[in-house]
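**Student:** Pasting in a structure now, in C-alpha cells, and then I'll have a few things to ask.
Readers should treat all values here as calculations from the given coordinates under stated rules, not as data from a laboratory. Just so we're clear, the structure is a prediction, and the values are computed from it rather than from any experiment. Heads up, the Cβs are rebuilt from the backbone with ideal geometry, glycines too, and the neighbour counts pull from every protein chain shown.
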Amino acid sequence: MVRNWLRLAALIVLLDQATKLAVDLSLHYGQRISLLPFFDLTLIYNRGAAFSFLAQGSGWQRWFLSGIAAVAIVFILWLMKTSAQQSRRLMLALTLILAGAIGNLIDRLAYGHVVDFVLIYWHPWYYPAFNIADAAITVGAILVIWDEWQRWRQSRKNRPSN
C-alpha cells in the first residue's frame, strides 16, 4: 500500500523537476510572462525558505534548510510506514509533503537555490512566487490539519457524555 503512495510522490517530484527545468530553460531570471490577469510565469531563485525567509544569508542556509528537509523526509517516510492503515487523506497529505520536500531538496543540492515560477497577484497584492513542490507541501499541510480535525470531531462524538 505504501508503495503506491511512494509512486505518486515520485510522479509529483518528476512533474516538479520537469516544470522547473522547462521554466529555467525558457525564461531569463526575473522575466515574467502574463498568462491571466492574476497569474504570471516568472523565473525566480529562492535561496531561503518559504516567503524567502533566510534568503539573505551568506550561503549557510542552503545546508541548514537541506538538513531540515532531509530530516523531514525521513520522518515522513517513518510516518507513512507506521500510518499506512490510517485514512487515505492522511496518506495523501504525507505523500504531497514528502514529494514537495524532495523536489525542493533536489534544487537546493543541485543549484544552491529553489526555482520558483508561479506568480499569483491581484492589483497591488502579490503572493510570493512558488513552484509545484511548494504547492504540494501547502495542500499536504492543509490535508493534515483537516484529517486531524476530523479525527478530533470523531473522538468527541464517540466520547460518552456525563
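**Student:** Based on this model, can you work out whether Q154 counts as touching a residue at least 40 places away in the same chain (Cβ under 8 Å), among the polar types (S, T, N, Q) and in a helix (DSSP H, G or I)?
**Tutor:** no
**Student:** So, one more: So which residues in the stretch 110-125 are within 18 Å of Y45 (Cβ to Cβ), more than 15 Å from the chain's Cα centre (by Cα) and part of a strand (DSSP E or B), if there are any at all?
**Tutor:** Scanning the stretch 110-125 gives a single hit, L119.
**Student:** Hey, another quick one. So which of P128, P160 ends up being in contact with a Ser or Thr (Cβ under 8 Å, 6 or more places away or on another chain) and in a loop (DSSP other than H, G, I, E, B)?
**Tutor:** P128
**Student:** What number of residues within the stretch 27-51 are out of contact with any Leu (no Cβ under 8 Å at 6 or more places or on another chain) and over 18 Å from N104 (Cα atoms)?
**Tutor:** Residues meeting the conditions: 4.
**Student:** I'd like the full set of residues that are within 17 Å of I102 (Cα to Cα), among the small types (G, A, S) and part of a helix (DSSP H, G or I), limited to the stretch 7-50.
**Tutor:** Listed by number, the residues that qualify are A9, A10, A18, A50.
**Student:** When the residues of the stretch 121-151 are narrowed to those that are touching a strand residue (DSSP E or B) at 6+ places or on another chain (Cβ under 6 Å) and touching a residue at least 60 places away in the same chain (Cβ under 8 Å), which ends up surrounded by the fewest Cβ atoms within 10 Å (Cβ to Cβ)?
**Tutor:** A129
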